[in-house]
Structures are given as structure tokens and as C-alpha cells.
Amino acid sequence: MTWWLYTIPFISAFIHWLTIWMALKLLFHPRQPKRFLGFTVHGVFPKRQQQIAESLGRIVGQELLSYQDIEQTIANPANVQKMLPLVEEHIDNFLRNKLKETMPMIALFIGDKTINQLKSVFMTELQELFPIIMKNYVAHLKNDLDLEKIVVDKIANFSSDRLETMLNQILTKEFRFVEVIGAALGFLIGVVQILLTLLMH
């Protein structure tokens, strides 16, 4: 048996690693279509950036972040309760200070007891009114703000360099893992080839 037979696992590992490395590179490169041996080569993301943007926009706008979710979050009684202390503070400041400045005659007849009563009435009314206001706000927002279009425009206008940098920052470990797995698989295939060759002889 010749010595080169034992190099097969290493050659196979290198070929598999190189194939996966090139496949990952072809996700982003070349940026512009290039002719090579009669074929047009173009990076997957640069070539399909508009379609990818539209798909992501549809997913975000229809599934990940819907106006119904926004409405439920904003109009949630627990979230309304969080705003009430600040609202109460402003109402108290209005009744005690600003009312005296704008309507001094009326302010003369309003003491602490009346202020507290008015404040209590206002706060009770606002607790019921806030969820309605928020729901109406979201309804108007839906007409004025197209989430799907915003996502599509943002991604479609990303430069290829920026898109590659973002994905590499997120998926660097995963890309390396795929390369290592490819090399390991190639090495294993090479070992199997040696074993089959030995069995045949």
C-alpha cells in the first residue's frame, strides 16, 4: 500500500472545508454579477436582497409585531397603572399651582379637600379613558405607519457590506462550526475510503 493513501482523509477534509467556506462566501460575494466560464456568479444576498427584505418585512409586519400586539400592550391595564402616578402628579400641580395663575378667583374657593376630591374624580375617569384613547391612537397609527414597508425599505437599502458585517457579528460562531463540521465529515469520509480500499485488497 502506498503512503499517499493515508493522505486521503486530510485531502477530503480540506476539500469539504473549502467547499463550505466558498459556499459561505458566495452568500455575499461577488457583490455585482460576474461572468465566469459562461456562468453568471452573483452573491445570494446581493442578488436577492429585495426579495429577502420583502419576506422579512412580511414576517415582521404580520407575525412578529402586529398592531393587535401593540394595542394590547399599550392598553393593558397594568401599563396604564404605571402612567397614573405621573398623571396624578401633573393634575395635582395644575389644581394647586397653574389654576391659581390662570383662574385666580376660582382658586380662592378651592382648598385641599376640594383639590383631593377633584383629583380623585379625574383619576377615576382617566383610568377608564386611557385604554380607549390608546386603542384609538393605535388605530390611527395603523393608517399612518406601515411596519412592513419600513422593514422592507430598511433592509433593501442596507449596503451589502453592512449586511455582511451584521450577519457575521451574529453568526460568526455558527459559520465556524459549520466549517469545522464539514472538515470533520470530510476526514471521516476519507477514513471510510481507506477502509474500503483495504477491504477490497
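The values are calculated or read from the model by the stated rules, or taken from the named source; none is laboratory data. Everything quoted here is computed from the prediction, not taken from an experiment. Ideal geometry is used to build each Cβ from the backbone, glycine not excepted, and the neighbour counts take in all protein chains shown.
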- [ ] Output the residue which, of all residues in region 24-48 that are farther than 19 Å from ARG162 by Cα and of a type outside the set (S, T, N, Q), is nearest to the chain's Cα centre (by Cα).
- [x] VAL41
Task: Selection within region 17-41 - among the aromatic types (Phe, Trp, Tyr), in contact (Cβ under 8 Å) with a residue 60 or more places away in the chain and not in a loop (DSSP other than H, G, I, E, B) - done: TRP17, TRP21
Task: When residues of region 149-166 are limited to those that are buried (at least 16 other Cβ atoms within 10 Å of the Cβ) and of a type in the set (Val, Ile, Thr), the one nearest to PHE45 (Cα to Cα) - done: ILE155
- [ ] Test GLU71 against the criterion of being modelled with pLDDT of 75 or more, surrounded by 13 or more Cβ atoms within 10 Å (Cβ to Cβ) and farther than 25 Å from GLU179 by Cα, and give yes or no.
- [x] no
Open item on the list: Checking ILE59 against (1) part of a helix (DSSP H, G or I); (2) farther than 30 Å from SER160 by Cα, only one condition comes out false. Which one?
Closed with: (2)
Open item on the list: Go through region 168-180 and report how many residues are within 14 Å of LEU18 (Cβ to Cβ) and β-branched (Val, Ile, Thr).
Closed with: 2
Task: Cβ pairs under 8 Å, 6+ apart, first in region 122-135 and free of Cβ contacts under 8 Å to residues at least 40 places away in the same chain, second surrounded by 13 or more Cβ atoms within 10 Å (Cβ to Cβ) - done: PHE122/ILE91; MET123/LEU84; MET123/VAL87; MET123/GLU88; MET123/ILE91
Open item on the list: Tally up the residues in region 136-148 that are surrounded by 13 or more Cβ atoms within 10 Å (Cβ to Cβ) and out of contact with any helix residue (DSSP H, G or I) (no Cβ under 6 Å at 6 or more places or on another chain), please.
Closed with: 3
TODO: List every residue pair whose Cβ atoms lie under 6 Å apart, where the two residues are 6 or more positions apart in sequence or sit on different chains, the first residue falls within region 144-157 and is farther than 12 Å from ILE52 by Cα, and the second residue, located anywhere, is surrounded by 18 or more Cβ atoms within 10 Å (Cβ to Cβ) and of a type outside the set (Ser, Thr, Tyr).
DONE: LEU147/GLY61; GLU148/GLY57; GLU148/GLY61
TODO: Quick one: count up the residues across region 167-182 that are within 15 Å of the chain's Cα centre (by Cα) and either surrounded by 11 or more Cβ atoms within 10 Å (Cβ to Cβ) or of a type in the set (Gly, Ala, Ser) (or both).
DONE: 2
Task: Flag for LYS82 being at pLDDT 80 or above and surrounded by 14 or more Cβ atoms within 10 Å (Cβ to Cβ) - done: no
